[in-house]
1. Would you mind stating whether Asn2 is part of a loop (DSSP other than H, G, I, E, B), modelled with pLDDT under 95 and away from the ligand (no atom under 13 Å from the Cβ)?
2. Could you please give the count of residues in segment 60-82 that are among the aliphatic types (A, V, I, L, M) and touching a strand residue (DSSP E or B) at 6+ places or on another chain (Cβ under 7 Å)?
3. I need the full set of residues from segment 1-39 which are on the phi > 0 side of the Ramachandran plot and crowded, with 24+ Cβ neighbours inside 10 Å, in order please.
4. Could you tell me which numbered condition Gly155 fails, if it satisfies all but one of (1) within 16 Å of the ligand (Cβ to nearest atom); (2) at pLDDT below 95?
5. From (1) modelled with pLDDT under 95; (2) within 16 Å of the ligand (Cβ to nearest atom), pick out the condition that doesn't hold for Lys61.
6. Test of understanding: among Val124, Val143, Val180, which residue is within 16 Å of the ligand (Cβ to nearest atom) and without any contact (Cβ under 8 Å) to a residue 60 or more places away in the chain?
7. For Ala54, indicate whether it is more than 11 Å from the ligand (Cβ to nearest atom), within 23 Å of Ile229 (Cα to Cα) and of a type in the set (Gly, Ala, Ser).
8. Can Ile250 be described as in contact (Cβ under 8 Å) with a residue 60 or more places away in the chain and within 16 Å of the ligand (Cβ to nearest atom)?
Amino acid sequence: MNGARPIWLDADPGFDDLTSWLMLSAAPEIELLGVSAVAGNAPLADTFENAVRARDFFGLKAPVYAGRDRPLAGALVTSQHLLGPTGLASVNRTLPPGPYPGEAGDGVQALIAAAHAHPGELSVLALGPLTNLARAIQADARVPELLREIVWMGGSSDRGNHTAAAEFNAFADPEAADLVLTSGVPFVMVGLNLTRQVIVDPDHLRTLRSWPGERAALLADHLEFYLGIRSPGRPGPMPFHDPCAALRLIYPELFTSVPAHVRVELDGTLTRGMTVCEFRVPARGVANAEVLTHAHVPESQTAMMALLRTALTEESALKN
Ligand SMILES: [Ca+2]
């Protein structure tokens, strides 16, 4: 370990998941123990395949496992209508298949084993629906006390994106999110109210394109697609969701937060998946989450680009 913080990445890659993994790979003082894929942006077969290919192409080191392929309840919901059939569209180059087949073991069991191997130390960076985390807690009631924290990109303390009320990762598996939030695990919510503050724009794209090597070029092709989601062919500024959660894990001083009692609406016909944040704690509820409210924006953007530059252009610097 050499004193490095143990981290587990649970994700549905996904362009901004992939970017977050690259940031972790270049971050100081972090040891990424494993990656579990979950259904979310696309079906599990695609998010797993994207993670496996990314590991080969970018020279990443953490083992990649497949987790769960459907939410605890209800039908599978994906973002393929926005993000392309595999959840990872590009304006040009895409991740090529490589020799790594992925791990044969179950991602949920691998996550549980990692929690037991590092009691009180393991932080989970969760960047998709919380299905795998909920299944881990259902399978082993000790998981919440074994984890140091879950840092989740998901939810919102104001408006949603998948629906007016609900952010996508919360909407895709509300039962899982609510189970995790009520499990007692230390929980950090990096919701849309925060991520909408941290913008990537065509200037970041130009910077990425100025870096040498095929890895930066491929990521730039994906970023150009992402920046054109709202206006295809005309890249514009976009919030960069998952990397905010990665930054919170690496550099918590870049953000401010407040404690809250957070639950997830499971029944509302218009509000299913809404993360209802009661900030009047402890008067109206016991705090079960730390909700990020503000980002130091220029510093966050600078830190993100510095980590990406290291990950994409200094192969010898990749630790994870
Ligand atoms: Ca994601």
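1. So Asn2 fits the description; yes.
2. Residues in segment 60-82 being among the aliphatic types (A, V, I, L, M) and touching a strand residue (DSSP E or B) at 6+ places or on another chain (Cβ under 7 Å): 3 in total.
3. Gly14
4. Tallying (1) within 16 Å of the ligand (Cβ to nearest atom); (2) at pLDDT below 95, Gly155 fails exactly one: (2).
5. If we test Lys61 against (1) modelled with pLDDT under 95; (2) within 16 Å of the ligand (Cβ to nearest atom), just (2) comes out false.
6. The unique qualifying residue is Val180.
7. yes
8. no
The values are calculated or read from the model by the stated rules, or taken from the named source; none is laboratory data. Because the structure is a prediction, the values reported are computed rather than measured. Counting neighbours? That spans all protein chains shown, and the Cβs are built from the backbone with ideal geometry, glycine included.
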